[in-house]
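A.B. asks: Below is a structure I'd like to ask you about.
The values are calculated or read from the model by the stated rules, or taken from the named source; none is laboratory data. Note that this is a predicted model, so its numbers are computed, not measured. Glycine also receives a Cβ, built like all others from the backbone with ideal geometry; neighbour counts cover every protein chain displayed.
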Amino acid sequence: MVVQRVIRAVIMGPPGSGKGTVSGRISKTFGLKHVSSGDILRANIKEQTELGLLMKSCIDQGQLVPDAIMSRIILNDLRRIDHSGWLLDGFPRTVSQAEALDNAYMIDTVINLNVPFLTIKERLTSRWTHIASGRVYNTDFNPPKVTGLDDVTGEPLVQRDDDKPETVTRRLKGYETQTEPVLEYYRSKGVLETFSGTETNKIWPHVEAFLHRKFSSLSQRVA
Ligand SMILES: Nc1nc2c(ncn2[C@@H]2O[C@H](COP(=O)(O)OP(=O)(O)O)[C@@H](O)[C@H]2O)c(=O)[nH]1
Ligand SMILES: Nc1ncnc2c1ncn2[C@@H]1O[C@H](COP(=O)(O)OP(=O)(O)O)[C@@H](O)[C@H]1O
């Protein structure tokens, strides 16, 4: 008997590499629950929770939220949904976060989107976000049906404060120093799968084919 086993995956890549966009496609195609650290933090800011108020200036300046806080939020969230498979987007972003995750769960695969920084800078200045759902649009790539409004709810879209050019530069620098070591961490564990390119629509078929193979091999192993 082939038993569908719970899949635990991580998606990585610099800010603006298309993690949110690809995660949406993965959760639709493979049924994994999309857990986005950025969406969780922005929901806290929108609802003006104590955590949201504390973290807002950190995020607006393009700096990382402290490891201990971030790890606690995400691990609490995962504990609640652990009966279903999940895809983590935006976490872990430091080696310390990766170790905290490793102490709690075994990760099946890490998808790494390798997109040049120049491509990213162009994209982020035209990113529009529906904060409540985390849906993202882009004035060239996937514009909303009605300019400035979310396709599903009709609510207004906003430009994130941290998508300003100078903040994007700071986030990319932070990615190089703090997050690239996490790629090495997962590479040495043999779970890193890198997809390179400048267009999500060209990268996606490779990610999809890889995950189909991964899902069937993991299901067979428990058969
Ligand atoms: N021009 C262009 N924009 C893209 C492409 N893929 C994603 N985007 C847009 O680029 C921005 C960043 O993508 P997002 O999925 O939010 O990246 P994340 O920051 O890694 O989660 C969003 O506005 C997307 O709509 C692409 O292939 N071409
Ligand atoms: N794992 C994390 N550790 C620390 N800070 C985080 C983490 N995830 C998100 N943040 C904070 O939230 C901001 C936005 O994150 P995110 O939405 O994932 O950005 P992007 O999708 O553009 O990479 C980050 O710049 C950082 O300040």
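A.B. asks: With the requirement that a residue be hydroxyl-bearing (Ser, Thr, Tyr) and near ligand 1 (Cβ under 6 Å from one of its atoms), what does the range 9-26 give you?
C.D. replies: 17, 21, listed by residue number.
A.B. asks: Does at least one position in the range 69-92 carry a residue that is within 12 Å of ligand 1 (Cβ to nearest atom), farther than 20 Å from residue 184 by Cα, without any contact (Cβ under 8 Å) to a residue 60 or more places away in the chain and crowded, with 17+ Cβ neighbours inside 10 Å?
C.D. replies: Scanning the range 69-92 turns up no residue that is within 12 Å of ligand 1 (Cβ to nearest atom), farther than 20 Å from residue 184 by Cα, without any contact (Cβ under 8 Å) to a residue 60 or more places away in the chain and crowded, with 17+ Cβ neighbours inside 10 Å.
A.B. asks: Quick one: would you say residue 153 is at pLDDT below 95 and exposed (fewer than 14 other Cβ atoms within 10 Å of the Cβ)?
C.D. replies: Spelling it out, it is not the case that residue 153 is at pLDDT below 95 and exposed (fewer than 14 other Cβ atoms within 10 Å of the Cβ).
A.B. asks: For the range 48-102, which positions are more than 10 Å from ligand 2 (Cβ to nearest atom), modelled with pLDDT of 95 or more and touching a Lys or Arg at 6+ places or on another chain (Cβ under 6 Å)?
C.D. replies: The one that is more than 10 Å from ligand 2 (Cβ to nearest atom), modelled with pLDDT of 95 or more and touching a Lys or Arg at 6+ places or on another chain (Cβ under 6 Å): 86.
A.B. asks: Would you point out the residue of the range 102-126, among those that are within 26 Å of residue 46 (Cβ to Cβ) and surrounded by 20 or more Cβ atoms within 10 Å (Cβ to Cβ), that is farthest from ligand 1 (Cβ to nearest atom)?
C.D. replies: Here the answer is 120.
A.B. asks: Residues of the range 34-47 being more than 10 Å from ligand 2 (Cβ to nearest atom) and modelled with pLDDT of 95 or more, which ones?
C.D. replies: 34, 35 - these are the residues of the range 34-47 that are more than 10 Å from ligand 2 (Cβ to nearest atom) and modelled with pLDDT of 95 or more.
A quick yes/no check of all residues on (1) under 16 Å from the mean Cα position of the chain (by Cα); (2) within 12 Å of ligand 1 (Cβ to nearest atom):
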{"position": "131", "(1), (2)": "yes, no"}
{"position": "138", "(1), (2)": "no, yes"}
{"position": "164", "(1), (2)": "no, no"}
{"position": "172", "(1), (2)": "yes, yes"}
{"position": "180", "(1), (2)": "yes, no"}
{"position": "209", "(1), (2)": "no, no"}
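A.B. asks: Return the residue satisfying two criteria in turn: it lies in the range 131-173 and is more than 12 Å from ligand 2 (Cβ to nearest atom) and in a helix (DSSP H, G or I), and of such residues it is farthest from residue 64 (Cα to Cα).
C.D. replies: 165
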